[in-house]
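Below you'll find the structure, written out as structure tokens, and then a few comments.
The values are calculated or read from the model by the stated rules, or taken from the named source; none is laboratory data. Since the model is a prediction, treat every value here as computed from it, not as a measurement. Here Cβ is always computed from backbone atoms with ideal geometry, including for glycine, and neighbour counts include all displayed protein chains.
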Amino acid sequence: MIRGYGDHAANERTFLAWVRTGIAVVAFGFVVEKFNLFIETIASSALGEEARRLRLEKLSGPFGHYEGVALIFGGVAIVALATVRFVRIARRLDDAQEHSASSVRAELILAAGLVLLVSGYAVYLALD
């Protein structure tokens with residue numbers, strides 16, 4: 001029997017939840033990137049309708065080229081942070097010495113950054 005099995009299982013469930021979240025953020029980043037490619041394709045094929053072409057080019061403007069990549073890197077950062085956190089907590093669970101609960105500053109900063117990125121993209125699309 002594994003000593004502290006319930007704690008280890010909870011640590012693993014938390015790790016898997018972070019990994020699922022990271023994968024979802026990466027997938028959303030790919031969707032945003034593919035949407036930008038789709039918009040650019042439509043804009044380049046709409047040569048006859050100048051106003052429509054300009055609107056589509058504005059939609060895929062300078063911010064439209066980087067938010068998908070930023071989301072992909074954000075998702076990868078979530079998975080990396082989750083892995084580091086999982087290993088650190090697993091070692092502390094196996095240690096006989098008592099440890100205090102560590103700071104969650106990195107997780108909060110990463111979550112706030114992702115919220116700002118997605119909110120910025122939503123505002124960008126709403127104002128267009």
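If the condition is being at negative phi and in contact (Cβ under 8 Å) with a residue 24 or more places away in the chain, then the range 4-21 contributes 7, 8, 11, 12, 14, 15, 18, 19, 21.
On the given criteria, is residue 63 at pLDDT 80 or above and under 24 Å from residue 109 (Cα atoms)?
It is false that residue 63 is at pLDDT 80 or above and under 24 Å from residue 109 (Cα atoms).
Looking only at residues in the range 70-80 that are within 19 Å of residue 12 (Cα to Cα) and crowded, with 16+ Cβ neighbours inside 10 Å, the one that is farthest from the chain's Cα centre (by Cα) is 79. Give the number of residues within the range 81-110 that are modelled with pLDDT of 80 or more, surrounded by 12 or more Cβ atoms within 10 Å (Cβ to Cβ) and of a type in the set (A, V, I, L, M, F, W, C). Residues that pass the stated criteria total 7.
Kindly indicate whether any position in the range 32-52 is modelled with pLDDT under 60 and in a helix (DSSP H, G or I).
Yes: the range 32-52 contains one or more residues that are modelled with pLDDT under 60 and in a helix (DSSP H, G or I).
Among residues of the range 24-35 being of a type in the set (Val, Ile, Thr) and surrounded by 14 or more Cβ atoms within 10 Å (Cβ to Cβ), the one that is farthest from residue 107 (Cα to Cα) is 32. For the range 111-128, a tally of residues being at pLDDT 85 or above and not polar (S, T, N, Q) returns 3.
The single residue among 106, 82, 96 that is more than 22 Å from residue 33 (Cα to Cα), in a loop (DSSP other than H, G, I, E, B) and of a type in the set (A, V, I, L, M, F, W, C) turns out to be 96.
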